[in-house]
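Following: one structure in structure tokens, then a few remarks.
The values are calculated or read from the model by the stated rules, or taken from the named source; none is laboratory data. Predicted model, so just to flag it, every value in this text is computed and none were measured. Because the Cβ atoms are built from the backbone with ideal geometry, glycine has one as well, and the counts that use them run over all protein chains shown. In case anyone asks, the SASA skips ligands and DNA or RNA and just uses the protein heavy atoms, side chains included. Shrake-Rupley method; radii C 1.70, N 1.55, O 1.52, S 1.80 Å.
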Amino acid sequence: MQSNIDMFFSEMEGLKALHQTDTFRVPKPLGTGQVSDNGVILVAEKVTLNPLRDHRRFGTYLAKLHSFKGPSKFGFDIDNFIGSTPQPNAWSDDWVRFLHMRLKFQFDRAKFTGRLRTASLELLDRLPQFFEGIEITPSLIHGDLWFGNCAEDEHGVPVIFDPAAYWGHSEAELGIMRVFGGFK
């Protein structure tokens, strides 16, 4: 999962999955390829992008995306990336186990020490408590949906791109949406 081609291929697979929901406008991916020793390319449908203005419409599309029916498990067919950071997507029947696996992977990569390591391990231990009594149905989520990864097309239809897609808890999407000051 380390190479640039893996990063672009996983993005292409995420775009395909999102495109198949027929909810948001998603640039249709056409392919990936190696163009030089270190250069890779992702080719997708050209979409004219304008700043997102209709947040209500965007929210309606997001609700439709999260209502799309798919597998009864959490994960994705391939691992992907959040930015350039690898992100495992091994399938799990249980949201808490899936989230635990992902967080532990990131915490281990961060090589926390001292109080931060203690706090991260404590969070992992307490994770089940945050979801007690809640039934969570897997939803296809964009996975990196902040205001820089969405727009409107020339007709005002919301467009999403640059995903780190997986089947997860729909509310996980809300956390990343607050990054960099949220939606304006």
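Among the residues of the stretch 132-179, how many are open to solvent by less than 40 Å² (accessible area, probe 1.4 Å) and either part of a loop (DSSP other than H, G, I, E, B) or of a type in the set (Ser, Thr, Tyr) (or both)? Final tally of qualifying residues: 17.
Let's see how each residue does on (1) over 30 Å from residue 69 (Cβ atoms); (2) over 20 Å from the mean Cα position of the chain (by Cα); (3) exposed (fewer than 12 other Cβ atoms within 10 Å of the Cβ):
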{"site": "14", "(1), (2), (3)": "no, no, no"}
{"site": "18", "(1), (2), (3)": "no, no, no"}
{"site": "27", "(1), (2), (3)": "no, no, no"}
{"site": "37", "(1), (2), (3)": "yes, yes, yes"}
{"site": "54", "(1), (2), (3)": "no, yes, no"}
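Kindly evaluate residue 5 against the criterion of being among the aliphatic types (A, V, I, L, M) and either closer than 15 Å to residue 141 by Cα or open to solvent by 70 Å² or more (accessible area, probe 1.4 Å) (or both). The answer is no for residue 5. Look at residue 33 and say whether it is at pLDDT below 95 and either surrounded by 12 or more Cβ atoms within 10 Å (Cβ to Cβ) or in a helix (DSSP H, G or I) (or both). Yes: the conditions hold for residue 33. Scanning the stretch 112-131 for residues that are of a type in the set (Phe, Trp, Tyr) and open to solvent by 100 Å² or more (accessible area, probe 1.4 Å) gives a single hit, 130. In the set (1) under 29 Å from residue 8 (Cβ atoms); (2) modelled with pLDDT of 95 or more; (3) out of contact with any Lys or Arg (no Cβ under 6 Å at 6 or more places or on another chain), the condition left unmet by residue 82 is number (2). Within the stretch 92-111, the only residue that satisfies the criterion of being surrounded by 15 or more Cβ atoms within 10 Å (Cβ to Cβ) and not in a helix (DSSP H, G or I) is 92.
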